[in-house]
Amino acid sequence: MSKIEKMERTLRLFFVLFLGIVSGWSQNDECANAIELTPANTCNTVSGSFNGATRTTPQPSCATTASQDVWYRFTATQATMSITVIPAGGLNVAFEVLEANCTGTSVVCIGQFGGGSTESYFGNIFTIGTTYFVRVMNASSGTSTAGFTICVQQFAPPANDECANAVTLTPALTCNATSGTFSGSSRTTAAPTCANTASQDVWYRFVATDPTMSVTVVPNGNVNVAFDVLDGSCTGTSVACISQFGVGSTESYFNNTFVVGNTYFVRVLNASAGLATNSFTICVQNYPTPANDECANAVTLTPALTCNATSGTFSGSSRTTVAPTCASASQQDVWYSFTATDTSNRITVVPNNNLNVAFEVYSGSCSGTVFSCIGQFGAGSTETLLASNFVVGTTYFIRVLHSSASLVTGGFTICVQNIPTQPNDLCANAITLTPSPTCTGTSGSFNGATISTAAPACANTASQDVWYQFTATDPTMSVSVGPNSNLNVGFEIFTGSCTGTSIACVSQTSTGVSEFFVNTNFVVGTTYFVRVFNVSASLSTLNFNICVQNYPQPANDVCANAQVLTPASLCNPTSGTMSGAVISGSVPACVTSSPHDVWYQFTATDPTMEITVTPQNNLNVGIQDDDNETGYSAQTNHQNITNHILKNHQSNHLRKAHHNQNSE
């Protein structure tokens, strides 16, 4: 073989070897041959591979064992961009972004999740028009021929990314939601105190139409929203910074301090440090001021015998004066008025749902004397005032309050009931009762009753009284008052006139129990006045029954009318009664007290006679033989006299005495 032939053969071998080496190289193995990527609104993937790739520069901090790299480039079209690399199989990928050139500043180095995992970067730090180089690496120490895909996505900023382009919201009576998004937005000013890690914001504005307004932001998905309300301008005073509930939760602000006509700017924030593309909705709601928010426009209520409810609301109301003692935390009130037609009236306020209501009553004017302040029972409970000291013809103003510190839009009903004064509220109009041998009840009521004089000694807390009168038909009379189960009654009896001598003040029992008085010293023909009172300090509208019972004197109440008994060999009992009997002389020496006695007589037929008195129930009796001036001490259940000195054919008078107050 000639020398020339050997040289040609060598060149051919070298050329084949060179082609083999070149065919194993990756096209974009060097930064100078970086493949151009075009940003898009969606992830338009470009395929890549590490087949034949080498590592062209030292390993970066995010992939210190990287063995291969390939290069891409793109020109930023928006400030917010994302880069995504998706490996095939179990390939462990990472990437580094360099600004402007192959050796430019490293913007970011991403290698977080390991073999087979997608790696991505999403940020709003890009400069529009600048070229960025992306070095995609096989992060493992061993080389690979595996492939991957890569895309660059752009996120256009929303129109309202800057406050100057804030979207105008129109307040409405309902929440008319406007859609918004954080996609492509940046944070235009420093993060506010309520969201100091916020990474994005967008802007809205509205003009206040009422003092009471609400702003509500509802996130879509797991974004953490917050918002800041600024008064007057993009850099105005912060009225409220709201971020209370965290990821995925609605945030809202509700207050009655807005100035009608003022423009307010709402900066809605992604409160997290990481960027988001989530959407949300926002609305501004206005709450018109109720007509009766001020006392000068108090709604007039007409008292009625029944509760004719008038509807009211706190929606849009404010607190017009300082909070009263019965609702010291109140922030809202509305006003009503009525003219008293009776001295007794009931005011009732019934809340809707769990609203906590209270009310204050002023006499004569909006700034008049405080008549009463009612706030006793808490959330969801009805509040009521029943009083008997209203002045007929006077106008009263009712300030209904929401008793809690928070604002509400809830409603309630209110009514004023007039309670006509009882006909017998004064002694001069005392109702006449007719005594009867049986208790024939007369119905009475404290509904509308007042206290006509000072409370009686036996019930110094009494708050109401009504009057009755009767004329005694017998010395023995009783008065009985039976109350409603929830009423505690008592009564006082006066002789001759409304201011006569008090012969009895009766208040011995408790609520729901009858009171009773009986005596034997009534003067026949004398008029007695009975003052029935409600023992409680609280007014009542409950009923009771009253009766006056007379007990006619028995025929043998005096010795002159002694009933004749006929002796017999057997005890033939004769019935007797103490009902209506009085004591006809001095109390016998054989007993300590005796309010009653009745008389019998018989003619002795034998020297030895036996007298037997058998009482009924627990009657305690004694007997006295006046003719023999003999007395016999009391026994509880039986009296028996055997005497051998009774004279035959002599008339003997027996005095049967009763020791206690019972009238059997």
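A compact globular protein would have a Cα radius of gyration near 2.2 N^0.38 Å; the ratio found for segment 69-133 is 1.13. Note on Asp210/Thr75: beta-carbon distance plugged into 1/(1 + (r/R0)^6) with R0 of 56 Å gives a FRET efficiency of 0.65. The convex hull around the C-alpha trace of segment 506-582, projected and averaged over every direction, spans 8.8 square nanometres.
Carbon-plus-sulfur accessible fraction, the chain (probe radius 1.4 Å, protein heavy atoms only): 51%.
The length gained by stretching the chain between Thr499 and Ser233 to full extension, at 0.36 nm per residue less their Cα-Cα distance, is 87.9 nm. Tyr121 exposes around 40 Å² of accessible area when a 1.4 Å probe is run over every protein chain in place.
Dividing the summed helix terms, -39500 (n - 2.57) for each DSSP H run of n ≥ 4, by the number of residues in the chain produces a 222 nm estimate of -1000 deg cm²/dmol to the nearest 500.
Local charge for Val322 was computed over the other residues whose Cβ lies under 12 Å away, with Lys and Arg +1 and Asp and Glu -1, and equals 0.
Which of these values of Rg and Dmax of the Cα atoms in Å was calculated from the structure shown: (i) 27.6, 85; (ii) 25.2, 82; (iii) 52.2, 198? Correct label is (iii). With both labels modelled 7 Å from their Cα along Cα-to-Cβ, the Glu36 to Gln563 distance reads 13.9 nm. Hey, how many Å between the Cα centroid of segment 391-418 and the Cα centroid of segment 459-519? Between the Cα centre of segment 391-418 and that of segment 459-519, the gap is 38 Å. Helix 3-24 and the longest principal axis of the C-alpha atoms of the chain enclose an angle of approximately 10°.
Solvent-accessible surface of the chain, taken per residue with a 1.4 Å probe and all protein chains present: 46 Å².
The values are calculated or read from the model by the stated rules, or taken from the named source; none is laboratory data. Remember, it's a predicted structure, so these values are computed and weren't measured experimentally. We place every Cβ from the backbone using ideal geometry, glycine too, and count neighbours over all the protein chains shown. What goes into the accessible areas is simple: the full protein's heavy atoms, side chains included, and nothing from ligands, DNA or RNA. Shrake-Rupley method; radii C 1.70, N 1.55, O 1.52, S 1.80 Å.
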